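The values are calculated or read from the model by the stated rules, or taken from the named source; none is laboratory data. The structure displayed is predicted, hence computed values, not measured ones. With ideal geometry, Cβ positions are generated from the backbone for all residues, glycine too; neighbour counts draw on all protein chains shown. For accessibility, only protein heavy atoms count, side chains too; no ligands or nucleic acids. Shrake-Rupley method; radii C 1.70, N 1.55, O 1.52, S 1.80 Å.
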There are 2 protein chains.
Amino acid sequence: MPHPLDSFFAPASIALIGASRDHEKIPGRLLSMLRRNEYPGKIYPVNPNYTGIDGLPCHKSIADIGAPIDLAVIIIPARAVLPALEQCAAAGVKNAVIISSGFAEEGGDSTAMQEAIADLARRTGMRISGPNAEGFLSQVQRVAATFSPAVDVKPGQAPLVATARRIGIVAQSGGIGFAYYNRAKALGVAVSYVVSTGNESDLGAGEFLDYLVQDASTDVILLFIEGIRDVEKFLVAAQRAAEIKKPVIVTKVGRSGAGERAAASHTASMAGWSAAYDAVFAKYGFIVSNDLDEALTIAAVLAGNPLPKGDRVAVVTVSGGAGIWGTDAVALRGLQVPELSRSIQAEIRTLMPSYGTARNPIDVTAQGVTSGGLQRSVDLLTASNEVDAILVMLSLSSEVRMPFKEEELKPVLAAQKKPVVFYSYTLPSDFARRELAKSGVVVLSGLAHVGVALRQLVDFATFDLPKPAEELRRPAHDLSAFLQSPVLSEADSKALLRAAGIALPEEVLVAEKSGLDDAIARVGFPLVMKIQSPDIPHKSEVGGVRVNVTTKGEVFLAFEQLLNNARRHRPDAAVQGVLLAPMTKKGVEIIVGTMTDKTFGPMVMVGLGGITTELFRDVVYRPAPVSAAEAGAMLAALKAAPLLNGFRGAAKADVAALAQLIADISVLAARHAGEIAEIELNPVLVHPEGQGVTIVDALVVGRR
Amino acid sequence: MPHPLDSFFAPASIALIGASRDHEKIPGRLLSMLRRNEYPGKIYPVNPNYTGIDGLPCHKSIADIGAPIDLAVIIIPARAVLPALEQCAAAGVKNAVIISSGFAEEGGDSTAMQEAIADLARRTGMRISGPNAEGFLSQVQRVAATFSPAVDVKPGQAPLVATARRIGIVAQSGGIGFAYYNRAKALGVAVSYVVSTGNESDLGAGEFLDYLVQDASTDVILLFIEGIRDVEKFLVAAQRAAEIKKPVIVTKVGRSGAGERAAASHTASMAGWSAAYDAVFAKYGFIVSNDLDEALTIAAVLAGNPLPKGDRVAVVTVSGGAGIWGTDAVALRGLQVPELSRSIQAEIRTLMPSYGTARNPIDVTAQGVTSGGLQRSVDLLTASNEVDAILVMLSLSSEVRMPFKEEELKPVLAAQKKPVVFYSYTLPSDFARRELAKSGVVVLSGLAHVGVALRQLVDFATFDLPKPAEELRRPAHDLSAFLQSPVLSEADSKALLRAAGIALPEEVLVAEKSGLDDAIARVGFPLVMKIQSPDIPHKSEVGGVRVNVTTKGEVFLAFEQLLNNARRHRPDAAVQGVLLAPMTKKGVEIIVGTMTDKTFGPMVMVGLGGITTELFRDVVYRPAPVSAAEAGAMLAALKAAPLLNGFRGAAKADVAALAQLIADISVLAARHAGEIAEIELNPVLVHPEGQGVTIVDALVVGRR
């Protein structure tokens, strides 16, 4: 199916605006990179100072070319870029990549120049990548529209290609994008595209991601993000990737305070809040990795293997110590390394000397390799239904010797229905890489990364895109009347929630002593009394709470005391009265909330209440709204999840009711995203199964 | 200072027992490895089948040599090993390395053969390494007594050596030990020794560690452990390393359940319990790493740099994205990446184009490199007192171009007083490695590992060996009378603790109703009543506890009920009576305990009480005994430490009293290690500062 960016990635003709004869400098490198990578289309150098460059005629201007141009690559001083773009548009150029720097990343007037570029794109329909981009490589189409040294081709050296499937790379940093490419090449992982997105005046990471998602030559996507600008396009692409189950491995930087400061200053991007990014990634099943080699290892394993059908791993090695280490590496990630059945152990034991071991890990010993034991063990395990993946650990540093017979290995792996991952504890030699590449094997050399990759494969294999959130079971009301002040008191917050259809206990706000009798009659003993004021968010700190009040006399006394305490501690607070609420029966203390992220909008969160949320950061976020099923998945992702599932002989908590509450609150936050900035239900008590939940305290913050 | 193992590591003569002419096989490789590495001493091949091998006369037996032998390297079938060793001993051979396999790792009779080897070593004084070892390399003395292909020397290729300081490697796996060496060579990290310890019939990892600790040519130690056998020697070596502050980087495998099973089966070693290992490592300031590349990165950074004086890092780069990533990599490890002062920013800004940034991370941009900006920024930061370490991030993949001027960089780094670490996001070229090696720079290529390494350097720089534990403030009593049953009831446990001088609240065990009045008078109201039986460890589960009892009538009623409940639920339990104890004032709930590890003996632990210990595994162990100061460090290492230090406006807890209790309990456990297997104080309530701690419940388990 044709895509609007096809002419960008597979241009029939390229104009090089700012072409140069100096191959040492960036403008000169662009032309030589295009030609060394054997670009099959037409190249038109443009530079008024030359009549020809490297045997090609050089044009004074775009207008002079007089032929259709699919792509203009622009590398001229910043202030000359806009006029050049105007000429491109006039000449009907379809796409442009601006390599030049000195725009929004510099601030001031330079930002205005970038805005003018964006305007031009909108006005003319010409699609523009950059400025401040390192360009792109289309490996499939042989378009190296970049000055990155990583795309240089060494004459006489055959590229190492182990995988038939290809990875595509979208990076908001040219240095990192092409570093991925540089390392992928060294591993023998085939690449479809590398795109450096630069300042994204027009084309952004989201739209490029979308291209790779629909692209048939891209099987796995690597994404490097500082901050997403084209959020809607990004979300559409993410949804599509999840639907067709094309894996996306994502690195998001700017996670630390200092890193966030740097990301914000770097390309003036919307760095946003990493927890919101992670929530979005989790929703779409993106594989998050924060290390370059780890991300590539995951990509390599995905490109070279089918997905596993379960989480049982066999570890096959020639070194006992390595086998134990490999077992740890996968088992500590929660995968199983099951002891093999007696029958398969007996078969494997015939392939090794007496001091080998066949239990799993399987140590065929150095001597066992010589007699072909390593390979035959792998053959056996590939066919067995006792394991779902195989980790082969050996030393592949030799430049002359291989522990496998190439012609025997290839058919086994070609017929494989499960991942077989090769790790070398010594540094793999070029010879070993090339030999194993013939069987489609990428040799990996970071063990912890291999453990992570296998875990990620298992998780990705079982990932299902959550169904869209159901609408609120009752229709929403107009809530604007409840949102007159920016911060609502507990009573007002609860009134809003009730109006939105959220179930809450019967509670009565009493402003005058005369209302107490009626309130007691409605609420019943024992009860709780809480001072109410939008100006007093922390009621306990001003002596504003009484629990377990059991007599009328106590109620009247407490009413006076609570009001007096408030007056003494917060003389300026607008006090609404005292809220009378029933004492709640016991339950697991949970916090449920929503907040608004500047990039992705409303988010819903859940965490264990009390001290654990803060101390152990045990909270889970998702973009709002979520369905009850997705809320259930959020709960399962909490480290404290066992507490809800009958911890230490306690009753199982009503997880279904809690999940429904999270879903309802998330729909409320999403529906009223323009009015409500935050909701915090803290605590929510989750009672035993079938007995529901109780919202004990609530706080709503409006956007005004 | 001479060391008993000097003749092992620097032998003047080597007998090769089982020497062979076949260079393809392991026995043949040993001779060629020794000669290729230019072993300067005498070599005596021993094999009755040959008269000469590769130009050397071959001897029929050890006795035939007729010259002093410092080291015999033995590679003959397992059953021939013991007779050969007897001949060695008779001939006065000082040391032996047994490469042959088929001993304890095989089990059965083969284990007995290994025990006979150990006996022989004890009997004759000959020191024996192995069997089932891969031998050793002494780089300094040019002794390659191993068949590992990793020590092979390529003619005509100069080794890459970047560091003047050397790392020594002790590994309980030959494959892994020489893999460290293989990778260290590729990085340019100089190596002193590599020792593969095999089955450790005589010489163990602990004794080899001790050798490297005292060895002047070893500056950093890498240790790979499956399970320590010579525990006492290991602890002596560890203590010495900590005293002279020689860094030890340790990997302990067999951490997962499956890995532990494999470790136990592999070399029949005492795999032990990883938490105890980690406790020992923490005590001696060992740097724990569970990844090969990470461990080597830490070693490389330690070998090539001074220790930092603080935790402030400058990140210098030519790629904005890389700079943000690097900032994350160190900041997420808790290091600071401070914004630089205006004055130094102004200086740095003169070294880069307008779109660079000098705040930190410092992005001099690709263009800034050309004009020398990268190097001059590093110079400035090296001299500045605003940062303690510098992380330089760039692309070093070029085979012809360097971003630094070698002759200018070298003096800066030579005069450096702080770590300057170089990371390349593309794969570093051999050219770049060799160029930077001239300045003593190791180029690293795993960013997450670099972040960990810098963190570990900062921690190691501030590590102090804890002072030995003070003795119990009161002298210990004979506790044997309290340890008549294997599991003690709460009352008996507390009686033992009181006898050992541990302070506990006044509590009274009442066996007959007639004793209640007196008990009430002593304990006072409100009080708690708990059933007492060594057969009822979980009192609540049998309805065996009453809290907040406030009247005499309640006490008498509860007494009957508790006894009845116990009879009904546990008719066979030996019931001692009911314990009356005062209600405890509030405090932070802590668990303190001791247990016995099969490798390292008594351990003391502390964790937050309640659900957090189990859910979040937030517990800290140390070998017992500990001083109060070390106990304080244990408390500070808890994730939940903030809870003790005035969390959310609560009073600061009496950490000093808690630390003293931990120290006292640890001394008790260590002193009575032969009698007491476990102590569990759960909960201990820690009251506000100055108000001490209360042991609410206690359990002691004897070793019988």
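Figures for the structure shown
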item: Calculated label separations, B:R567, copies of the chain, 7 Å along the beta-carbon direction, nm; result: 6.1
item: Hydrodynamic radius (Kirkwood) for the protein assembly as shown, which is based on Cα pairs only, to one decimal in Å; result: 35.6 Å
item: Charge dipole (debye, nearest 20) of chain A; +1 at Cβ of Lys and Arg, -1 at Cβ of Asp and Glu; result: 1080 debye
item: Normalised per residue, the volume of the convex hull around the Cα set of the range B:67-192 (Å³); result: 122 Å³
item: Lys/Arg +1, Asp/Glu -1 at C-beta; chain B dipole; positive extreme among B:S354, B:Y284, B:Q691; result: B:S354
item: FRET efficiency, 1/(1 + (r/R0)^6) with R0 60 Å, evaluated for A:L557 and B:D572 via beta carbons; result: 0.65
item: Principal axes of the range A:16-142: Cα extent on each, largest first, Å; result: 40, 33, 30
item: Ranked order, A:T426, A:T124 - accessible area, probe 1.4 Å, largest first; result: A:T124, A:T426
item: Long-range amide H partners of A:I287 with built H, under 5 Å; result: A:V248, A:I249, A:V250
item: Using a 7 Å Cα-to-Cβ projection, A:R142 label spacings across copies, nm, ascending; result: 5.3
item: Surface share of carbon and sulfur [accessible, 1.4 angstrom probe, percent] for the range B:551-691; result: 54 percent
item: Burial of 40 Å² or greater, the range A:85-118 residues [accessible area, probe 1.4 Å, versus chain by itself]; result: A:E106
item: Among B:L562, B:Q114, B:A653 the positive-end extreme of the charge dipole of chain B (Cβ point charges); result: B:A653
item: In Hz, Karplus ³J(HN,Hα) per residue of the range B:598-607 (6.51, -1.76, 1.60; θ = phi - 60°; x = Gly, Pro); result: 5, 8, 9, x, x, 10, 10, 9, 9, x
item: Sequence-distant lysines (8 or more away, or on other chains) whose Cα lies within less than 30 Å of A:K309; result: A:K185, A:K245, A:K246, A:K252, A:K283, A:K405, A:K410, A:K417, A:K418, A:K438, A:K467, A:K639
item: For residues of B:611-621, the mean tally of beta carbons on other chains within 10 Å; result: 4
item: Residues whose placed amide H lies under 5 Å from that of A:L444, excluding near-sequence neighbours; result: A:F422, A:Y423, A:S424
item: Size-normalised alpha-carbon gyration radius of the range A:546-592, reference 2.2 N^0.38 Å; result: 1.44
item: Rounded accessible area of B:E490 (nearest 10 Å², 1.4 Å probe); result: 10 Å²
item: Stretch gain in nm, segment B:A10-B:S341, where the contour uses 0.36 nm per residue and the Cα spacing is subtracted; result: 113.8 nm
item: Average beta carbon contacts from partner chains per residue of A:149-155, 10 Å cutoff; result: 2
item: Cα-based Lys pair tally, the range B:537-612, threshold under 29 Å, eight or more apart or on separate chains; result: 5
item: Global form of chain A, assessed from the alpha-carbon gyration tensor, a/c cut-off 1.5; result: oblate
item: Which of B:A469, B:N548, B:S395, positive extreme of dipole for the protein assembly as shown (C-beta unit charges); result: B:S395
item: Residue-averaged 222 nm ellipticity for chain B, from DSSP H runs of 4+ at -39500 (n - 2.57), nearest 500; result: -11000 deg cm²/dmol
item: Assigned charges on the beta-carbon of Lys, Arg, Asp, Glu; the range B:650-704 dipole about Cα centre (debye); result: 160 debye
item: Pair-distance profile P(r), taking every C-alpha pair of the range B:506-582, with 5 angstrom steps and integer %; result: 3, 18, 32, 25, 14, 6, 0
item: Table column - 3J(HN,Hα) (Hz), the range A:47-56, Karplus curve with 6.51, -1.76, 1.60, x for Gly and Pro; result: 6, x, 7, 10, 9, x, 9, 6, x, 9
item: About the Cα centre, charge dipole magnitude for the protein assembly as shown (Lys/Arg +1, Asp/Glu -1 at Cβ), debye; result: 1240 debye
item: Low-density loop cleavage sites - GluC sites (Glu not before Pro) in the range A:251-360, where at most 11 other Cβ are within 10 Å (DSSP); result: none
item: Zero-based 5 Å bins, Cα pair distances in the range A:565-704, whole percents; result: 2, 10, 18, 20, 18, 13, 9, 6, 3, 0
item: Virtual spin-label span in nm between B:V400 and B:A383, 7 Å along Cα→Cβ; result: 3.5 nm
item: Cβ-defined net charge surrounding B:A133, 14 Å radius [Lys, Arg +1; Asp, Glu -1]; result: -4
item: Whole-number D in µm² s⁻¹ for the range B:306-462, Kirkwood Cα-pair radius fed into Stokes-Einstein, 25 °C, 0.890 mPa s; result: 161 µm²/s
item: Per residue convex hull volume, Cα atoms of the range A:439-559, in Å³; result: 258 Å³
